[in-house]
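The values are calculated or read from the model by the stated rules, or taken from the named source; none is laboratory data. Note that the structure is a prediction, hence the values are computed from the model and not measured. Cβ: placed from backbone, ideal geometry, glycine included. Neighbour counts: every protein chain shown.
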Number of protein chains: 2
Amino acid sequence: MQKIDTKTKILNAAEQLFAERGFADTSLRLITSQAEVNLASVNYHFGSKKELIQAVLARYLDVFSPALELSLQNIIDNKDRISQIEVFNCLVEPLLSLDAFRHQGTTMFLSLLGRGYVESQGHLRWYIMTNYGNVVATFNHVVREANPHLSKEEIFWRLHFTLGTVVFTMASSKALIEIAKADFNADVNIEGLIHRVIPFIAAGVSSPA
Amino acid sequence: MQKIDTKTKILNAAEQLFAERGFADTSLRLITSQAEVNLASVNYHFGSKKELIQAVLARYLDVFSPALELSLQNIIDNKDRISQIEVFNCLVEPLLSLDAFRHQGTTMFLSLLGRGYVESQGHLRWYIMTNYGNVVATFNHVVREANPHLSKEEIFWRLHFTLGTVVFTMASSKALIEIAKADFNADVNIEGLIHRVIPFIAAGVSSPA
DNA sequence: AACATTTTAAAACAAGTGTTTAATTACAGG
DNA sequence: CCTGTAATTAAACACTTGTTTTAAAATGTT
């Protein structure tokens with residue numbers, strides 16, 4: 001059994017609690033008690049709660065962002081015509097690979113992203129854009145190539161609709177999966193949810209103008 | 001100039017702040033100072049913050065819910081085959097009529113609903129279901145009739161995807177409309193946004209299984 | 001070994017939270 | 001008028017929050 005350092009213990013406890021309860025409803029005392037470290041150590045290692053939130057997300061984005069970039073460049077180089085569903089499929093592997101990175105990594109990452117978008121007043125959005133904006137730009141570019149029949153404006157709206165679908169679904173994915181289990185006796189995991197949502201948003205994005 | 005009673009002044013201030021900043025990030029002191037009433041009056045009139053949140057939502061649901069019920073019953077009685085887009089169109093008028101009920105009522109209501117769904121641990125969902133569950137049931141019923149090719153479970157998921165799209169879009173509609181105006185010189189209002197999102201979600205919901 | 005640095009620990013801090021209390025004011029009906 | 005209920009107010013309550021402080025312990029370096 002290897003020894004886990006305090007910094008990692010905090011990140012592990014924090015990401016789980018953040019994903020489950022949101023940022024505002026998760027106190028540092030809850031985090032440190034679950035991580036079995038001293039309260040003061042989070043300020044010692046991260047500076048502040050805000051920076052801890054960013055560090056939690058950065059751990060995933062540093063893995064996800066290059067993987068998505070690679071996946072997108074791949075279809076840019078190899079495909080002449082790109083369909084919308086292919087674009088969304090670029091997200092699948094980078095997302096699912098997060099499960100190898102950490103237990104329930106995919107769910108965790110998407111929940112955190114969702115929480116970040118609806119909870120934060122902007123500091124997270126700003127942090128993501130200034131640190132990982134290049135991938136976002138590439139994604140936008142590919143979507144435009146996949147939908148030459150749509151105007152810039154139409155794409156703008158539909159991508160935000162898409163973002164809403166994904167972010168909202170993932171932010172409440174745990175609750176939804178539990179309800180589905182209770183009401184339909186259905187065993188759904190995050191991979192199933194992703195493959196269920198992609199046809200939905202692809203149909204929406206590529207619907208006639 | 002008529003005198004507005006304290007209870008209403010609190011509700012008016014609360015709904016605006018709740019919609020903008022969420023429930024957790026809005027303190028009673030912020031509400032009462034904006035409403036220009038005493039701090040204690042919210043507990044006097046509503047009992048607790050939790051009950052205030054419910055009262056804020058109830059004010060809209062009491063208007064929206066019967067209007068939607070009527071709209072749904074109308075197509076149940078008069079149509080033999082119901083298309084999904086017709087179902088969603090049932091929402092338009094009841095939603096837009098909230099703008100007559102209160103200034104920016106449509107945006108407000110959808111924002112509050114979205115906040116409630118992602119923030120609350122369940123007490124709001126429970127409150128809505130036990131008080132307005134009949135309309136939800138009717139809506140579900142109509143959607144099923146419009147999509148006989150889809151299983152109950154599939155409909156469950158797609159309706160939640162839809163909810164995510166709408167709620168997220170409307171919650172950030174103010175910012176999105178401003179961006180659209182700056183980037184595309186496009187003049188979009190809430191009504192235009194609703195008519196833009198309906199084809200998107202209708203295509204998603206009715207896409208092949 | 002001794003020194004220097006990094007990390008942990010307990011405690012206190014200042015500020016903010018929802019809620020309650022007790023006293024005062026407003027305003028009815030008799 | 002007076003009386004009793006309703007409404008408002010200022011103050012305090014008990015508690016939680018993120019952050020700092022100060023000291024001790026662990027760790028690394030020469």
Note on segment A:22-32: residues within 13 Å of DNA strand C (Cβ to nearest atom) and touching a residue at least 40 places away in the same chain (Cβ under 8 Å) are A:Ala24
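For (1) within 11 Å of DNA strand C (Cβ to nearest atom); (2) buried (at least 20 other Cβ atoms within 10 Å of the Cβ); (3) within 14 Å of chain A (Cβ to nearest Cβ), each residue gets a yes or a no:
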| residue | (1), (2), (3) |
| --- | --- |
| B:Thr6 | no, no, no |
| B:Lys9 | no, no, no |
| B:Ala13 | no, yes, no |
| B:Glu20 | no, no, yes |
| B:Val42 | yes, yes, no |
In segment B:143-178, residue farthest from B:Phe23 (Cα to Cα) [restricted to those that are of a type in the set (A, V, I, L, M, F, W, C), more than 8 Å from chain A (Cβ to nearest Cβ) and assigned to a helix (DSSP H, G or I)]: B:Ala146
From the list A:Asn185, A:Asn140, A:Asn189, A:Asn134, which residue is more than 8 Å from chain B (Cβ to nearest Cβ) and at positive phi? A:Asn185
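Okay, residues lined up against (1) more than 20 Å from A:Ser111 (Cα to Cα); (2) at pLDDT 95 or above:
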position	(1), (2)
A:Asp5	yes, no
A:Leu28	no, yes
A:His45	yes, yes
A:Ala55	no, yes
A:Phe64	no, yes
A:Ala67	no, yes
Kindly list, by first and then second residue, each pair from a residue in segment B:33-46 that is part of a helix (DSSP H, G or I) to a residue that is more than 6 Å from DNA strand D (Cβ to nearest atom) and basic (Lys, Arg), limited to pairs with Cβ atoms under 6 Å and residues at least 6 apart or on different chains. B:Ala35/B:Lys9; B:His45/B:Lys7
Those residues of segment B:105-136 that are closer than 21 Å to B:Glu20 by Cα, surrounded by fewer than 21 Cβ atoms within 10 Å (Cβ to Cβ) and without any contact (Cβ under 8 Å) to a residue 24 or more places away in the chain come to a total of 3
Over segment B:47-77, the set of residues without any contact (Cβ under 8 Å) to a residue 12 or more places away in the chain, more than 16 Å from DNA strand D (Cβ to nearest atom) and over 20 Å from B:Ser97 (Cβ atoms) is B:Asp77
Look at B:Pro94 and say whether it is within 21 Å of B:Ile198 (Cβ to Cβ), assigned to a helix (DSSP H, G or I) and modelled with pLDDT of 95 or more. yes
